[in-house]
1. Quick one: helix 43-56 against the long Cα principal axis of the chain, what's the angle to the nearest 10°, folded into 0 to 90?
2. Given N residues in region 74-177, what is its alpha carbon radius of gyration divided by 2.2 N^0.38 Å?
3. About the Cα centre of region 41-172, how large is the charge dipole given +1 on each Lys and Arg Cβ and -1 on each Asp and Glu Cβ? Please answer in debye to the nearest 20.
4. Relative contact order, percent, of region 41-172 when contacts are C-alpha pairs under 8 Å separated by at least 6 residues?
5. Of 25/111; 25/97; 60/97, which sit over 24 Å apart, Cα to Cα?
6. Around residue 22, with a cut-off of 13 angstrom between Cβ atoms, what is the net charge of the other residues, counting Lys and Arg +1 and Asp and Glu -1?
7. Over region 132-176, with a single point scatterer placed on each C-alpha, what log10 of the ratio I(q)/I(0) does the Debye formula yield at q = 0.14, 0.16 1/Å?
8. Taking the convex hull of the alpha carbon atoms in the chain, what volume per residue do you get, in Å³?
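Every read-out reported here was derived from the displayed coordinates using simple, explicitly stated rules and does not represent laboratory data. In this text the structure is predicted, and so the values were computed from the model without any measurement. Using ideal geometry, Cβ is built from the backbone for each residue, glycine included, and neighbour counts are taken over all protein chains shown.
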Amino acid sequence: MPHINLPHGLPGIVAGYTYSPETAKPMRELAHILLHEPSSLTPGERELIAAFVSAENGCKFCQLSHEAVAARHLGNESIAQLIMTDYRAAPVSEKLKALLNIAGKVQKDGKLVTSADVEAARKEGATDREIHDTVLIAAAFCMYNRYVDGLEMGQPLDSAAYAQTAERLASQGYRPK
């Protein structure tokens, strides 16, 4: 049950966006730029970072949403689940593992990211832009996760609902129609 009177029947962050369209607009725009616009990190990789941070924060709605979008982009449902279980053993690039390490530290406290973490990511081929974007995705998803959880917005656990939304988000992005 939400802590405030949010629109009934809307899942997760959609309820908050509907309640406050003036704040939804920049939040959606940021998500669109971070996750959908062209970048040297694939949309699937960026969605994995968002899902990973959301899982670390315990925000099931955001985790399952972004796992589903990542699966759609990657054509593989199991990779996201493996990332959530143990990203170090997942079948992804060493560069992505180094970036997930940074994202995990940002999720806990941005000050935990060390020069050694950044250098390890660079050693695996990460650019300054990819490191920047990873930190910003992780920080933004801490905000999105806390928004959903802080107001106790509804979090459906039915994976079919996430798959339907993932199709739209993967193809159209996060800007409202």
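1. The angle comes out at about 70 degrees.
2. Details: Rg = 15.5 Å, N = 104, 2.2 N^0.38 = 12.8 Å.
Dividing the Cα radius of gyration by 2.2 N^0.38 Å gives 1.21.
3. Working: 14 positive and 18 negative charges, 40 e Å.
Once rounded to the nearest 20, the dipole reads 200 debye.
4. Numbers: 159 pairs, mean separation 43.7, N = 132.
Relative contact order for region 41-172 comes out at 33 percent.
5. Details: 25/111 29 Å; 25/97 32 Å; 60/97 22 Å.
Violating the 24 Å Cα-Cα cut-off are 25/111; 25/97.
6. Numbers: positive: 25, 28; negative: 29.
That works out to +1.
7. Here log10 of I(q) over I(0) equals -0.48, -0.62.
8. Working: hull volume 19.6 nm³, N = 177.
It is 111 Å³ per residue.
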